Amino acid sequence: MTQDARALPFMKMHGLGNDFVVIDSRQREAALTPARIAAIADRHRGVGFDQLAVITQNANQPHLTFYNSDGSTSAACGNATRCIARHLMDQTGETRLSLTTDRGTLEAVDAGNGLTSVNMGPPQLDWAEIPLAEEMDTLELPIEGGPTATGMGNPHCTFFVDDAEAIPLEQFGPRYEHHPLYPQRTNVQVASLLGENHLRMRVWERGVGVTLASGSSSCATAVAAARRGLTGRSVRIDLDGGTLQVDWREDGVWMTGGTAHVFDGQFTADWLDANP
């Protein structure tokens, strides 16, 4: 592929179908306006993504910044973090590394068999940290269905239902994404218990919509299920795009699963000029 000096290279990755455009800005700064982010997110005229991740350098560690497809930012994106960690470990030959995010410093390790684990940090369980609009018990919110609120660097609202497949997520998700109890909007999960420490979960991501998987949502759901006594602290979660293993340990919530680096490309100078 011929490299135009004005073109902007990118990588396309996904974790269980939760897909990302990744731009490495450590050598060359990427000019990303809200309009340009929205243009990249367009699956017909751009590339398309659930999240855009930008790699910069923070002292001796890579720093990750995440954008949703509507241009809003998110402090955390677990599957994108795993994908980028896998890419960086493949580059360097390391089996363990640290990445900084607006959520904090996250540790990633090669889990073997092509799997990558990331510690997403301790969950935020207090109403003010999530945040919610007013003080309340986060275990069961005063919302129909009694969902659980959890923060994983971004807010989550988890409904435990008899059959996650039966919920019309396209209508259900936006109703609660914009609930007044969540001043920063929220990710919405519906989950059902399939067996011991085994959950089925579907996801509506704020600023994105229905996604095939979500790492931070999986972590939040695992924490909520353990708090409610539905499971232990180590659970298998089946999503539309595949399966993640989530372990809520003393040092944080660890998430393990597969990743894929699909292709490399570049935004042409002409396209960038048309989408300033």
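The values are calculated or read from the model by the stated rules, or taken from the named source; none is laboratory data. Owing to the predicted nature of the structure, the values given are computational and were not obtained by experimental measurement. Because the Cβ atoms are built from the backbone with ideal geometry, glycine has one as well, and the counts that use them run over all protein chains shown. For accessibility, only protein heavy atoms count, side chains too; no ligands or nucleic acids. Shrake-Rupley method; radii C 1.70, N 1.55, O 1.52, S 1.80 Å.
For the reader, a short list of remarks on this structure follows.
- The magnitude of the dipole of the chain, with charges of +1 and -1 set on the Cβ of Lys/Arg and Asp/Glu and taken from the Cα centre, is near 420 debye.
- Rg and Dmax of the range 149-214, Cα atoms only, in Å: 11.5, 35
- Cα centre as origin, Lys/Arg/Asp/Glu Cβ charges: the range 201-265 dipole, Debye: 340
- Unit Cα scatterers, Debye sum, the chain: log10 I(q)/I(0) for q = 0.12 Å⁻¹: -0.70
- Nearest-0.05 FRET efficiency for Q184 and R6, computed from C-beta distance (R0 41 Å): 0.65
- Electrostatic dipole magnitude of the range 1-116 [Cβ: Lys, Arg +1; Asp, Glu -1; Cα centre; debye, to 20]: 160
- Theoretical gain in end-to-end length, Q57 to A166 [0.36 nm per residue, Cα-Cα removed]: 34.8 nm
- Of all DSSP beta bridges confined to the range 152-252, the antiparallel ones make up roughly 70%.
- Kirkwood hydrodynamic radius over Cα pairs of the range 163-273, then Stokes diffusion coefficient at 37 °C and 0.692 mPa s, in µm²/s: 213
- Using distinct alpha-carbon pairs, which all enter the 1/r mean, Kirkwood radius of the range 14-53 in Å: 10.8
- Solvent-accessible area, 1.4 Å probe, carbon plus sulfur percent, for the range 157-276: 49
- Near-label residues of the range 254-276 by backbone N, under 20 Å of a point 7 Å along Cα→Cβ of D42: 265-276
- Within the accessible surface of the range 10-73, defined with a 1.4 Å probe on protein heavy atoms only, the carbon and sulfur portion equals 46 percent.
- Principal axes of the range 1-137: Cα extent on each, largest first, Å: 56, 37, 31
- Every helix of 4 or more DSSP H residues in the chain counts as -39500 (n - 2.57), and over all residues that averages to -5500 deg cm²/dmol at 222 nm.
- Under the combined filter of DSSP loop state and at most 16 neighbouring Cβ atoms within 10 Å, the range 161-202 retains these GluC sites (Glu not before Pro): E196.
- Relative contact order for the range 1-90: 25 percent, from Cα pairs under 8 Å spaced at least 6 residues apart, divided by residue count.
- Computed lengthening from E196 to D137, 0.36 nm per intervening residue step minus Cα-Cα distance: 18.6 nm
- The residues of the chain present an accessible area of 42 Å² per residue when probed at 1.4 Å with all protein chains retained.
- Ratio Rg/Rh [Cα only; Rh per Kirkwood] for the range 56-117: 0.98
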